[in-house]
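Right, one structure below, let's go through it.
The values are calculated or read from the model by the stated rules, or taken from the named source; none is laboratory data. Since the model is a prediction, treat every value here as computed from it, not as a measurement. Positions of Cβ are backbone-derived with ideal geometry, glycine not excepted, and every protein chain shown enters the neighbour counts. All accessible areas refer to the heavy atoms of the entire protein, side chains included, with ligands and DNA or RNA removed. Shrake-Rupley method; radii C 1.70, N 1.55, O 1.52, S 1.80 Å.
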Amino acid sequence: MTGIITRSIGVLACASLFLSVQIAGAQEVPLISGGVGFVTSTNGGNTTYLPVVSPVLAAPLGSHVLVESRATILSSISPKPGQGYDHDAFLGLDYLQADITANRHLTVVAGQFLTPFATYNERLTPIWINNFQSAPLIFSLGTMQTTHSVGGMLRGSAVSNAHFNFDYAAYFSAASTNEQFNAQRSSGGRGSFYIPAAHLEIGGSYNRLLQGTHENFGGVHLWWEPADSSFRLRSEFATGEHARGYWIETGYRLHRFGGDHGFLSAFEPVFRMQQTFRSEPDPNDGLPAANTQQADFALDYHLPHEIRINTSYSRQFSSTGDRNIWQTGIIYRFLFPTWRGK
């Protein structure tokens, strides 16, 4: 099964590249976007330096098929006591998928895709979107540790009217041990209601691990961005077999102070509170070994030309020891066509 999946995705990648070259002249031009950044993280007194590039390809193949992919290329430079610095490099695909629009209610996804659980994995992991360099403590719950799946997914808007929208995503993933396309056998999905008048979204997720020791994961999320306001609230709660937790994030862009182009309007203070609760020991679920509380404070500054400076301070409280976490980063977001269209 693993070999078939790997070969299929390889064929998909080659076919996508060939077809995009053949079709793009008559259709839309493929786009390359993404972000490049330099991040530092000081955790418990040890500082790690992380230069990172995350390119995204979106290649339309006619009017009903879109091939998209995102990669992560980074280096980790960290001190080695008495021996200078350790250097590790990483190159990996976050996803490589074909999106086939069947109708206005259904899109069929095939390939390697981000596991649809809650909101953080699909919406906030890009470095040019997330306000914090580190993911929430509960990030691994429901995402099967790899954060991506290999198989198929059905998603779309089941109902959409002036009063509410209901979106859904349902997937199945096969097991794969390939280095670039690794995944666990699992299935599940997510549904969410969006109320336009209130600018409010609430949804639920359920995923099940289908290999090894079968496990269930559940979660709910709530996003609120009031109309005509720079305030936003994002939150998730997730539970697994041996742990559960939540995070709540609020942010406010200072547009009302100095106008859209004033010095103060470029600042965005952000606060995130998160907790995890351990019911049983589990060294493989990715959560802290003991109950943990963490408060994150960030102050981001938005510069012209899609450049952003991120700074944050976190204080973590746990029976295994309290610690401070300092993080900084400068991020540049880019977007350009692969070639000039006709």
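A few notes on this one:
- Residue 235, sole failed condition from (1) at pLDDT 95 or above; (2) open to solvent by less than 50 Å² (accessible area, probe 1.4 Å); (3) polar (S, T, N, Q); (4) farther than 30 Å from residue 208 by Cα: (4)
- Checking the stated criteria, residue 138 turns out not to satisfy the condition of being touching a Gly at 6+ places or on another chain (Cβ under 9 Å) and surrounded by fewer than 17 Cβ atoms within 10 Å (Cβ to Cβ).
- Any chance residue 11 is out of contact with any helix residue (DSSP H, G or I) (no Cβ under 9 Å at 6 or more places or on another chain), modelled with pLDDT of 75 or more and of a type in the set (A, V, I, L, M): no
- Residue satisfying all of: in the range 41-56; open to solvent by 60 Å² or more (accessible area, probe 1.4 Å) and more than 13 Å from residue 328 (Cβ to Cβ); modelled with the lowest pLDDT among these: 45
- Residue check for residue 148: within 14 Å of the chain's Cα centre (by Cα) and of a type outside the set (S, T, N, Q): yes
- Any hit, the range 148-168, residues being open to solvent by less than 30 Å² (accessible area, probe 1.4 Å) and closer than 30 Å to residue 43 by Cβ: yes
- Among (1) open to solvent by 30 Å² or more (accessible area, probe 1.4 Å); (2) more than 18 Å from residue 120 (Cα to Cα); (3) in a loop (DSSP other than H, G, I, E, B), the one test that residue 262 misses: (1)
- Among residues of the range 310-342, those that are in a strand (DSSP E or B), closer than 21 Å to residue 56 by Cα and either among the small types (Gly, Ala, Ser) or open to solvent by 50 Å² or more (accessible area, probe 1.4 Å) (or both), counted: 7
- Within the range 218-251, tally of residues that are in contact with a Lys or Arg (Cβ under 6 Å, 6 or more places away or on another chain) and among the small types (Gly, Ala, Ser): 3
- Qualifying position, being open to solvent by 80 Å² or more (accessible area, probe 1.4 Å) and at pLDDT 95 or above, among 38, 90: 38
- The one condition from (1) in contact with a Gly (Cβ under 9 Å, 6 or more places away or on another chain); (2) among the aromatic types (Phe, Trp, Tyr); (3) closer than 30 Å to residue 265 by Cα; (4) open to solvent by less than 20 Å² (accessible area, probe 1.4 Å) that residue 247 does not meet is (1).
- Residue within the range 279-291 that is outside any loop (DSSP other than H, G, I, E, B), over 15 Å from residue 133 (Cα atoms) and free of Cβ contacts under 8 Å to residues at least 60 places away in the same chain present: no
- Residue in the range 77-87 that is farthest from residue 172 (Cα to Cα), counting only those that are open to solvent by 80 Å² or more (accessible area, probe 1.4 Å) and part of a strand (DSSP E or B): 85
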